[in-house]
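The values are calculated or read from the model by the stated rules, or taken from the named source; none is laboratory data. These numbers were taken from a predicted model, which means no experiment stands behind them. Here the Cβ positions follow ideal geometry from the backbone for every residue, glycine too, while neighbour counts run over all protein chains shown.
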Amino acid sequence: MAKTEDVVYGLIEPVVQSLGVTLWDVRFVKEGASYYLRVYIDKEGGVGIDDCVAVSHAIDPVIDGADPIDKQYYLEVCSPGIERELTRDRHFLMANGCNVTVKLFSAIDGKKELTGTLKADEGGISVVTGQGEIALTRSQISKAYIKSED
């Protein structure tokens, strides 16, 4: 059975693109007693509140019509932020050359967190750190995000 996020992503991606915005990610999470469907959008130059409102109004009837979620939830549309999390293969490709922090499920050379420059292509992922280049598979990564410039 497909994950809720993937079903919603497929439903709303064409609608979001028709508004001149890129669908970055979809998350369905429980926080306390409430569920949230978070839709992350992006565009060249960044998104503003007007973009978020327009996308929310456009996707709400699409999601309601398809009814892929059997729980009551809150819909939130927002920017992925500066330190955006990399969750999909295309995110890694888009972040090629960026400074990243990568958290690992299991330590490599005694480290469970790597910070460096991301190298990503169709062949794989690696992080170039001060100690050299470390090749990774997606299954080794618990969390990865673009590191903001300090």
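The table for this structure:
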quantity: Selected residue (criterion: farthest from Y145 (Cα to Cα)) from residues of region 96-119 that are hydroxyl-bearing (S, T, Y) and more than 16 Å from the chain's Cα centre (by Cα); calculated: S106
quantity: Residues of region 35-69 that turn out to be under 15 Å from L11 (Cβ atoms), charged (D, E, K, R) and exposed (fewer than 11 other Cβ atoms within 10 Å of the Cβ), as a count; calculated: 1
quantity: Residues of region 1-22 that turn out to be hydroxyl-bearing (S, T, Y), within 14 Å of R38 (Cα to Cα) and touching a Lys or Arg at 6+ places or on another chain (Cβ under 8 Å), as a count; calculated: 0
quantity: Qualifying residues in region 120-148 (those that are in a strand (DSSP E or B), out of contact with any Gly (no Cβ under 7 Å at 6 or more places or on another chain) and among the β-branched types (V, I, T)) - the one surrounded by the most Cβ atoms within 10 Å (Cβ to Cβ); calculated: I125
quantity: Condition met for D60 (of a type in the set (D, E, K, R) and over 30 Å from G130 (Cβ atoms)); calculated: yes
quantity: Conditions (1) in the same structural domain as D25 (by TED's automatic domain parsing); (2) more than 11 Å from the chain's Cα centre (by Cα): number failed by L93; calculated: (1)
quantity: Given (1) surrounded by fewer than 16 Cβ atoms within 10 Å (Cβ to Cβ); (2) more than 22 Å from I12 (Cβ to Cβ); (3) without any contact (Cβ under 8 Å) to a residue 60 or more places away in the chain, number of the condition I82 does not satisfy; calculated: (3)
quantity: Every residue from region 123-149 that is out of contact with any strand residue (DSSP E or B) (no Cβ under 6 Å at 6 or more places or on another chain) and over 19 Å from E85 (Cα atoms); calculated: G123, G130, Q131, G132
quantity: Residue within region 125-133 that is within 28 Å of V8 (Cα to Cα) and free of Cβ contacts under 8 Å to residues at least 40 places away in the same chain present; calculated: yes
quantity: Hits in region 78-117 (condition: basic (K, R) and outside any strand (DSSP E or B)); calculated: R84, R88, R90
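Okay, residues lined up against (1) closer than 30 Å to I125 by Cα; (2) not charged (D, E, K, R):
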{"position": "R27", "(1), (2)": "yes, no"}
{"position": "G45", "(1), (2)": "yes, yes"}
{"position": "I63", "(1), (2)": "no, yes"}
{"position": "K71", "(1), (2)": "no, no"}
{"position": "V77", "(1), (2)": "yes, yes"}
{"position": "G81", "(1), (2)": "yes, yes"}
{"position": "R88", "(1), (2)": "yes, no"}
